[in-house]
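Peer 1: Attaching a single structure in structure tokens format; questions to follow.
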Amino acid sequence: MFRKRHLIVSLIAASLSVVLLLGARGFLSMISLLNPVERALANFHMTDLFCETENGNSPQDTSSVITIVDMSEVFNRAELATIIEHIDNLQPAIIGVDIRFDGERDDHIGNERLIETVLNTNSPVVWANELSDWSDEGKQFTKVLHSFFVDRGIQVEEGFTNVQHDINGGTVRSYGIMRQVNGFTTYSLPAKLAIAMTGDSTILKKSDDCNIRYSSTHFPTVPFDKITENADLIRNHIVILGALHDKRDMHYSPMGPTSGVSIIAFATNTLINNNAPRELSFGWTIVLSLLLIWLAEVMHKAFIWVTSQITWLKRIAERGILDGIYTLSYLVFVLVLIDYFVFKITGFYYDTAIIIMSILLLDTSRQIYDLIKETISGRNNFIN
């Protein structure tokens, strides 16, 4: 049953939460000693919990589109060129090379073999480059680091492989689709691979970034010396070459330490399936927050009525123990589960900070409501 009291108490709780959260964040940002706390709070994301739940409880689907060839133990350019040629002969849909060949080495034969492969590969190939020298003033990069054969003037298809961390080098949850370099637009390796595979260039028009769906997907991994035995995982697949075990290319994702080539695979898979996690708009988040806070207040009233009908529960409730149990139960079984199923079904997620804080402040809000009501009532009696 709808009661005005429940709505007003919910609004008071939400208002207090916004004020306290803004105040706390401002306070944390002003005190350098507490900067790690501020960073930890900012780097927390409910989708990390959802990812852990999906990958921990759901059977993993093996990708039928993307295969990773592990090049962790390959350091010789001539050998690498031979591997690429071998893959090319097995007719992949497209090859993505998550390796940038920085400068010419003393190994002249290796350099020339690689150039020969670049010029003669029949399959489409996207080679890695790296964007550098960010300009805060221009809001763009000012330099691109290419492989040595591009610097020689050889024209190839390239995509940037800059891994995008959250605040202060935190968790990798998204990947760039496009960036500006000296006034020109350039695209990432995952974007180039996804477009080549789907033929859908509208991927480039959606956003500058793509939130990565770290779903329970397993990408088949082929060792560099086992390519022939795994021809069925190469033919008509996106084949991404990279180092799965290079410590210099390990990043922290919602799945824990993750190689750069795996992140590229997940980003490419997300773009192909068009299932990137999307955050609810601010307006819808406010509406949903108020609804869930109001629901918590209404359910609390029902909870109190039920406990008052059972003698032994009533005695426990009088000690204030059951309120804490109710609040924790609501946060875990209602708030988190609703957020998870909304994410699972629609791909949307919402910020729960205001909701959690508001529910914790509901008891204080009830007291504030009663105080305001008593004050207004007292004034009316004084006037009368």
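The values are calculated or read from the model by the stated rules, or taken from the named source; none is laboratory data. Note that the coordinates shown come from a computational prediction; the quantities given were computed from them, not determined experimentally. Every residue, glycine as well, gets a Cβ built from its backbone with ideal geometry; the counts of neighbours run over all protein chains shown. The accessibility values were calculated without ligands, DNA or RNA, using every heavy atom of the protein model including side chains. Shrake-Rupley method; radii C 1.70, N 1.55, O 1.52, S 1.80 Å.
Peer 1: For Gln155, work out the one condition from (1) part of a loop (DSSP other than H, G, I, E, B); (2) modelled with pLDDT under 90 it doesn't fulfil.
Peer 2: (2)
Peer 1: Looking at segment 66-84, which of its residues are of a type in the set (A, V, I, L, M) and within 10 Å of Gly110 (Cβ to Cβ)?
Peer 2: Ala78, Leu80, Ala81
Peer 1: Still on this structure: Of all residues in segment 330-356, which are surrounded by fewer than 19 Cβ atoms within 10 Å (Cβ to Cβ) and touching a Pro at 6+ places or on another chain (Cβ under 7 Å)?
Peer 2: Correct list: Gly347 only.
Here's the yes/no breakdown for (1) in a helix (DSSP H, G or I); (2) touching a Ser or Thr at 6+ places or on another chain (Cβ under 8 Å); (3) on the phi > 0 side of the Ramachandran plot; (4) modelled with pLDDT under 75:
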site: Ala276; (1), (2), (3), (4): no, yes, no, no
site: Ile286; (1), (2), (3), (4): yes, no, no, no
site: Ser289; (1), (2), (3), (4): yes, yes, no, no
site: Glu297; (1), (2), (3), (4): yes, yes, no, no
site: Tyr330; (1), (2), (3), (4): yes, no, no, no
site: Val334; (1), (2), (3), (4): yes, no, no, yes
site: Asp339; (1), (2), (3), (4): yes, yes, no, no
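Results for (1) within 19 Å of Asp246 (Cα to Cα); (2) modelled with pLDDT under 95; (3) part of a loop (DSSP other than H, G, I, E, B), shown as yes or no for each residue.
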| site | (1), (2), (3) |
| --- | --- |
| Ser64 | no, yes, yes |
| Thr67 | yes, no, no |
| Ser72 | yes, yes, yes |
| Phe75 | yes, yes, yes |
| Ile83 | yes, no, no |
| Gln91 | no, no, yes |
| Gly96 | yes, no, no |
| Asp106 | no, yes, yes |
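Peer 1: Same structure again: Among the numbered conditions (1) under 22 Å from Ala194 (Cα atoms); (2) open to solvent by less than 60 Å² (accessible area, probe 1.4 Å); (3) of a type outside the set (Phe, Trp, Tyr); (4) over 32 Å from the mean Cα position of the chain (by Cα), tell me where Ala81 comes up short.
Peer 2: (1)
Peer 1: Also, quick follow-up: Only one of Arg235, Arg213 is within 26 Å of Asn129 (Cα to Cα), open to solvent by less than 40 Å² (accessible area, probe 1.4 Å) and among the basic types (Lys, Arg); which?
Peer 2: Arg213
Peer 1: Of all residues in segment 264-298, which are under 23 Å from Thr364 (Cβ atoms) and in contact with a helix residue (DSSP H, G or I) (Cβ under 7 Å, 6 or more places away or on another chain)?
Peer 2: Residues satisfying the conditions are Ser289, Leu290, Leu292, Ile293, Trp294, Ala296, Glu297, Val298.
Peer 1: Pairs please, first residue from segment 6-20 and more than 13 Å from Ile286 (Cα to Cα) and modelled with pLDDT under 85, second anywhere and of a type in the set (Lys, Arg) and open to solvent by 20 Å² or more (accessible area, probe 1.4 Å), Cβ atoms under 8 Å, 6+ apart in sequence or on different chains.
Peer 2: From segment 6-20, the pairs are His6/Lys301.
Peer 1: Could you pull out the residue among Val172, Val118 that is open to solvent by less than 40 Å² (accessible area, probe 1.4 Å), at pLDDT below 95 and either on the phi > 0 side of the Ramachandran plot or among the aliphatic types (A, V, I, L, M) (or both)?
Peer 2: None of the others qualify; the one that does is Val172.
Peer 1: Would segment 198-206 turn up any residue that is crowded, with 17+ Cβ neighbours inside 10 Å, in contact (Cβ under 8 Å) with a residue 60 or more places away in the chain and out of contact with any Asp or Glu (no Cβ under 9 Å at 6 or more places or on another chain)?
Peer 2: For segment 198-206, residues crowded, with 17+ Cβ neighbours inside 10 Å, in contact (Cβ under 8 Å) with a residue 60 or more places away in the chain and out of contact with any Asp or Glu (no Cβ under 9 Å at 6 or more places or on another chain): present.
Peer 1: Give segment 222-264 a look and list any residue that's assigned to a strand (DSSP E or B) and free of Cβ contacts under 8 Å to residues at least 60 places away in the same chain, or say none.
Peer 2: Met250, Gly256, Pro257, Ser259
Peer 1: How many residues does segment 217-230 hold that are open to solvent by 20 Å² or more (accessible area, probe 1.4 Å) and either over 17 Å from Gln91 (Cα atoms) or among the small types (Gly, Ala, Ser) (or both)?
Peer 2: Counting residues in segment 217-230 that are open to solvent by 20 Å² or more (accessible area, probe 1.4 Å) and either over 17 Å from Gln91 (Cα atoms) or among the small types (Gly, Ala, Ser) (or both) gives 5.
Peer 1: If we keep just the residues of segment 108-139 that are in a helix (DSSP H, G or I) and acidic (Asp, Glu), which is nearest to Ile177 (Cα to Cα)?
Peer 2: Glu116
Peer 1: Mind checking whether some residue in segment 377-384 is at pLDDT below 75, assigned to a helix (DSSP H, G or I) and among the aromatic types (Phe, Trp, Tyr)?
Peer 2: The answer is yes, given that some residue of segment 377-384 is at pLDDT below 75, assigned to a helix (DSSP H, G or I) and among the aromatic types (Phe, Trp, Tyr).
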